[in-house]
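> My questions all concern the structure below.
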Amino acid sequence: MVDRLAGWFATRGWTPFDFQLEVWRAYLAGENGMIHSATGTGKTLAAWMGPLGEWLLENPGTDGKKGHRNDAPGLRVLWITPLRALAADTELSLRLPLEELGVPWTVETRTGDTSQSLRKKQSERLPTTLITTPESFTLMLTRDDAEELFGELRCIVVDEWHELLSTKRGVQTELALARVRRLRPGVKTWGVSATLGNLEDASQTLQGVGAQARIVEGHIAKEIVIDSILPTNITRFPWSGHFGTSMIPPVIRSIEDGGTCLIFTNTRSQAEIWHQSILDNRPDWVDQIGLHHGSLDREVRDRVEADLKEGRLRAVVTTSSLDLGVDFSPVDRVLQLGTPKGVARLLQRAGRSGHRPGAASRVTCVPMHAFELVDIAAARTAAMNGRIENREHLSKPLDVLAQHVVSIAAGSGFRYEAMRDEVRTTVAYRDLTDEEWDWVLDFVVRGGDALRAYPEYRRVVVEDGVYRVTDKDIAKRHRMSIGTIMSDMAMTVQYVTGGRLGTVEESFLARLKPGDRFLFAGKALQFVRISDSTAWVKRAPNLKGAIPRWAGGRLPLSTELAHAIRQELECAKYGELRSSEMELMAPILAVQANWSAIPAEDEFLIEQLETNEGHHLFFYPFEGRLVHEGLAALFAYRISRIQPITFSMACNDYGFELLAPEEAPLAQAIQQGLISPENLIHDIPASLNAAEMAKRQFREIARIAGLVFQGYPGMHKTLKQVQATSGLFYDVFARYDPKNMLLQQADREVLEKQLEKSRLASALARLEGSTILITNPESPTPMAFPILVDRLRDTVTSENITQRIQKLSLKLEKEAG
């Protein structure tokens, strides 16, 4: 049968790769597995042809004949995709071999974008292959006939598994997979991924505790080119964004070089700005430059994707919304604006170009300020050495478990021990205790200790040992709330004359007054009013106005890239400049070395100096912004225990600043454990407003666990309403049910998600074992300057900040000679 599948490849002028042949043989032998190969090397067909070959073996009389839709069997393959945007493109790829192989299968999608008519049809009969999201997958389990629904299922493929792993959506997928394996023993599971560092752990998490699986790596000789556009002028005291519009002309020249280009940014607001900046310089490209990000309306994104596939666009400015899976063969090159923040992200984006076997993938990085040149050089070295970030699985998020058990109870129901044992087959809940299991059941059956007096929180009832949802209204609200994605509430943006543009976070729109202008969907808009959960706008005459700033705009520097940056700087310390980017950095690094020091990998640099602002301490752990935010608060707290002192704090990916009116007792603090990883569990909450942070985090947990209902379509609650409701629950639990496990989860998630406690602890352990370099420069050094500028931006009005930075930069340049 493998020869038959390879023969189909030959009819299209292709030759299957060895890894594809290995996957087909393994699948036909009944194995589970994980496919890991670079973007554009044929992973989709590697996962797809096995199930087709299995059907052909079982139906030899149809081999080579044209298939007929009326002969299609029921659901045999469930294809899970992390993004709705990938579903349509995946559907086209899966349909490709069916007719020519004579396989009479139907292929359909089921996502939030699926039409009501198709949903109704699927409720009566599912296609042979269903492409769906984790949320829609879970929704299928709420049906009474779930066991019958999966009766013919042979295979589940989880696409882009690295995007789900380490998220609550991944845990949701684990639980759903465990349920289907109970309903349909013997179903095969295959994962597909392009960028993963910890394959063994990722595979085990997908397959479940104790399951055996084959890991197939596609070692395809795919050329990856990572280069950069070097600025012509570089100051020795750089700050974030200081290259500014000077990088627009070379970006335009790169687009003019020919072919189609994807221009990736790290934030949606940056995508809006660059899209408009390109058009300001080349207005004749108005129909040739597209804009694509997650807040734009579905129709707008579909149109851009279609134009991109057909080769009608010169370039598309985008965010991570085009990172994954969608096959854009016409793309010839990729530009990355700013630091990639992670090795896997850079490789993923590089793979968007040359997205076909044998073609080179090229990504050109465009630095926004000088130190991003170090990031680019470090990312290239790490990528070429195969140092890709790990994606760690989550452990026991009880909010997701509470949602899942209500989902199953809303369907066929479950029994206590069988469901507990099923849940424990997942890696996420393999260590679930009986106490935790009992608490979750008590929470969904009686509302827990604090809510047992309120009937609306008794969602599940127990009848003859079977846990079920019997109230139709409760079941309906639950089905509408299934999912683990929690973000700032979004409002529709629509013209007063009609025409929907997309969605913008409510927290941004709430700050606007009638007449305020902002840039969205590549258009200058004027805010009119908010009514019916819609922000009504009209065209603005010009672009003077605010730019939307979406939540999560500051991506954290990954562990692998942070490590690579430390290694790159150590090489520079000893005069080894290994790339054109680092050679360009030579004047900046020379000033840094003369005024202070360039730290080696086993050194921890601390600079202390006095200016007319006060006494500065600059610390350089090179661990990323999130870790530095936690370290800054921790160090300030530990120093203030020795001497009462008030600090102002600022940080970036390289280090952080503590500024005080008087000199801090640095040496004494170091002697008394300033850098020690001990007592973190006590010191971190004490150094921050941990209770308020936990309260904010609890909003997500309360929504997922089913405590907060966000409303029916067209009647969604506002952000303030959801905050107030979840805040009330938090206060009630804290006062009357302090052992509530969801409160404990909120505390854990603050430490891990917002403060990266594990990474912070390992950073402290590394720094404690390092040689401490304390220098006393007379002026802010090149490494200190961008941190200082970040703080100035928060304290100086925007109309004065640019002039003040330029004035300070010129002063320091003069001092440097």
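The values are calculated or read from the model by the stated rules, or taken from the named source; none is laboratory data. None of these values were measured; they are calculated from a predicted model. When we count neighbours, we look across all protein chains shown, and the Cβ atoms used for this are built from the backbone with ideal geometry, even at glycine. What goes into the accessible areas is simple: the full protein's heavy atoms, side chains included, and nothing from ligands, DNA or RNA. Shrake-Rupley method; radii C 1.70, N 1.55, O 1.52, S 1.80 Å.
Here is a yes/no grid of residues against (1) more than 25 Å from residue 525 (Cβ to Cβ); (2) surrounded by fewer than 21 Cβ atoms within 10 Å (Cβ to Cβ); (3) of a type outside the set (A, V, I, L, M, F, W, C):
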| residue | (1), (2), (3) |
| --- | --- |
| 244 | no, yes, yes |
| 254 | yes, yes, yes |
| 257 | yes, yes, yes |
| 260 | yes, no, yes |
| 263 | no, no, no |
| 275 | no, no, yes |
| 279 | no, yes, no |
| 283 | no, yes, yes |
| 286 | no, yes, no |
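> Which members of the stretch 218-242 meet the condition of being open to solvent by less than 10 Å² (accessible area, probe 1.4 Å) and of a type in the set (D, E, K, R)?
Those that are open to solvent by less than 10 Å² (accessible area, probe 1.4 Å) and of a type in the set (D, E, K, R): none in the stretch 218-242.
> Taking the stretch 732-767, which residues are free of Cβ contacts under 8 Å to residues at least 24 places away in the same chain and more than 21 Å from residue 684 (Cα to Cα)?
Hit for the stretch 732-767 is 735, nothing else.
> Does residue 423 fit the bill of being in contact with a strand residue (DSSP E or B) (Cβ under 6 Å, 6 or more places away or on another chain), in contact (Cβ under 8 Å) with a residue 12 or more places away in the chain and of a type outside the set (Lys, Arg)?
Details: in contact with a strand residue (DSSP E or B) (Cβ under 6 Å, 6 or more places away or on another chain): no; in contact (Cβ under 8 Å) with a residue 12 or more places away in the chain: yes; of a type outside the set (Lys, Arg): yes.
Here the answer is no, as residue 423 does not meet what is asked.
> Right, here's the next one. Counting only residues that are open to solvent by 10 Å² or more (accessible area, probe 1.4 Å), β-branched (Val, Ile, Thr) and over 13 Å from residue 467 (Cβ atoms), how many does the stretch 405-456 have?
Total satisfying the criteria: 2.
> Scan the stretch 103-122 for residues that are part of a helix (DSSP H, G or I) and open to solvent by 60 Å² or more (accessible area, probe 1.4 Å) and jot them down. First the steps, then the outcome.
So in the stretch 103-122, the residues part of a helix (DSSP H, G or I) come out as 116-122.
Result: 116, 117, 120, 121.
> Restricting to the stretch 78-93, name every residue that is crowded, with 24+ Cβ neighbours inside 10 Å and either outside the structural domain of residue 131 (by TED's automatic domain parsing) or assigned to a loop (DSSP other than H, G, I, E, B) (or both).
Across the stretch 78-93, the qualifying residue is only 81.
> Then there is this: What number of residues within the stretch 448-486 are closer than 15 Å to residue 709 by Cβ, assigned to a loop (DSSP other than H, G, I, E, B) and without any contact (Cβ under 8 Å) to a residue 12 or more places away in the chain?
1
> Return yes when residue 202 is in contact with a Lys or Arg (Cβ under 7 Å, 6 or more places away or on another chain), of a type in the set (A, V, I, L, M) and assigned to a helix (DSSP H, G or I) and no when it is not. Write out each step before concluding.
Numbers: in contact with a Lys or Arg (Cβ under 7 Å, 6 or more places away or on another chain): yes; of a type in the set (A, V, I, L, M): yes; assigned to a helix (DSSP H, G or I): yes.
So residue 202 fits the description; yes.
> Working only within the stretch 151-162, note down all residues that are surrounded by 22 or more Cβ atoms within 10 Å (Cβ to Cβ) and hydrophobic (A, V, I, L, M, F, W, C).
156, 157, 158, 161
> Restricting attention to the stretch 517-571, which residues are aromatic (Phe, Trp, Tyr) and modelled with pLDDT of 85 or more?
Of all residues in the stretch 517-571, those aromatic (Phe, Trp, Tyr) come to 518, 520, 527, 536, 550.
527, 536, listed by residue number.
> The conditions are (1) farther than 30 Å from residue 171 by Cα; (2) touching a Gly at 6+ places or on another chain (Cβ under 9 Å), and residue 374 fails exactly one of them. Which is it?
(2)
> Enumerate the pairs (first residue in the stretch 185-197 and more than 20 Å from residue 559 (Cα to Cα); second residue anywhere and in a loop (DSSP other than H, G, I, E, B)) with beta-carbon separation below 6 Å, excluding pairs fewer than 6 apart on the same chain, so at least 6 apart or on different chains.
From residues that are more than 20 Å from residue 559 (Cα to Cα), the pairs are 187/153; 188/32; 189/32; 192/159.
> Sticking with this structure for a sec: From (1) aliphatic (A, V, I, L, M); (2) open to solvent by 40 Å² or more (accessible area, probe 1.4 Å); (3) within 30 Å of residue 336 (Cβ to Cβ); (4) not in a strand (DSSP E or B), pick out the condition that doesn't hold for residue 215.
(4)
> Let me ask another. Is it the case that the stretch 368-379 has a residue that's surrounded by fewer than 22 Cβ atoms within 10 Å (Cβ to Cβ), modelled with pLDDT of 95 or more and in contact with a helix residue (DSSP H, G or I) (Cβ under 8 Å, 6 or more places away or on another chain)?
No, because not a single residue in the stretch 368-379 is surrounded by fewer than 22 Cβ atoms within 10 Å (Cβ to Cβ), modelled with pLDDT of 95 or more and in contact with a helix residue (DSSP H, G or I) (Cβ under 8 Å, 6 or more places away or on another chain).
> Would you confirm whether or not the stretch 717-736 contains a residue that is assigned to a loop (DSSP other than H, G, I, E, B), modelled with pLDDT under 75, over 28 Å from the mean Cα position of the chain (by Cα) and β-branched (Val, Ile, Thr)? Please lay out each step first, then the result.
First, the residues of the stretch 717-736 that are assigned to a loop (DSSP other than H, G, I, E, B): 717-718.
Then keep just the ones that are modelled with pLDDT under 75; that gives 717-718.
Narrowing the set further to residues that are over 28 Å from the mean Cα position of the chain (by Cα) leaves none.
No - not one qualifying residue is present in the stretch 717-736.
> Considering only residues of the stretch 1-56 that are under 28 Å from residue 347 (Cα atoms) and β-branched (Val, Ile, Thr), which is most open to solvent (accessible area, probe 1.4 Å)?
Looking at residues that are under 28 Å from residue 347 (Cα atoms) and β-branched (Val, Ile, Thr), I get 15.
> From (1) out of contact with any helix residue (DSSP H, G or I) (no Cβ under 6 Å at 6 or more places or on another chain); (2) more than 20 Å from residue 732 (Cα to Cα), pick out the condition that doesn't hold for residue 446.
Unmet condition: (2).
Okay, residues lined up against (1) free of Cβ contacts under 8 Å to residues at least 40 places away in the same chain; (2) closer than 28 Å to residue 346 by Cβ; (3) out of contact with any Leu (no Cβ under 6 Å at 6 or more places or on another chain):
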| site | (1), (2), (3) |
| --- | --- |
| 137 | no, no, yes |
| 179 | no, no, no |
| 203 | no, yes, yes |
| 208 | no, no, yes |
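> On to the next question. Just to verify a result, which residue in the stretch 89-114, among those that are touching a Phe, Trp or Tyr at 6+ places or on another chain (Cβ under 8 Å) and among the β-branched types (Val, Ile, Thr), is nearest to residue 60 (Cα to Cα)? Before the answer, list the steps.
Keep residues of the stretch 89-114 that are touching a Phe, Trp or Tyr at 6+ places or on another chain (Cβ under 8 Å), which gives 90, 93-94, 97-98, 100-101, 103, 105.
This time we only want the ones that are among the β-branched types (Val, Ile, Thr), so: 90, 103.
Numbers: 90: 27, 103: 11 Å.
So, considering only residues that are touching a Phe, Trp or Tyr at 6+ places or on another chain (Cβ under 8 Å) and among the β-branched types (Val, Ile, Thr), the one nearest to residue 60 (Cα to Cα) is 103.
> Counting only residues that are out of contact with any Asp or Glu (no Cβ under 8 Å at 6 or more places or on another chain) and among the β-branched types (Val, Ile, Thr), how many does the stretch 364-412 have?
5
> Only one of (1) farther than 21 Å from residue 202 by Cα; (2) within 31 Å of the chain's Cα centre (by Cα) fails for residue 12. Which number is that?
Failing condition for residue 12: (2).
> If a residue counts only when it is closer than 30 Å to residue 336 by Cα and under 26 Å from the mean Cα position of the chain (by Cα), which helices (runs of 4 or more DSSP H) contained entirely in the stretch 358-428 have at least 3 such residues? Reasoning before the result, please.
Values: elements: 372-384, 398-410, 416-423.
Filter on the stretch 358-428 gives 372-384.
> Here's something else I'd like to know. Any idea which of 132, 142 is within 19 Å of residue 478 (Cβ to Cβ), in contact (Cβ under 8 Å) with a residue 24 or more places away in the chain and surrounded by 21 or more Cβ atoms within 10 Å (Cβ to Cβ)? Explain how you work it out, then say what you get.
On the way: 142 fails: surrounded by 21 or more Cβ atoms within 10 Å (Cβ to Cβ).
Going through 132, 142 in turn, the sole match is 132.
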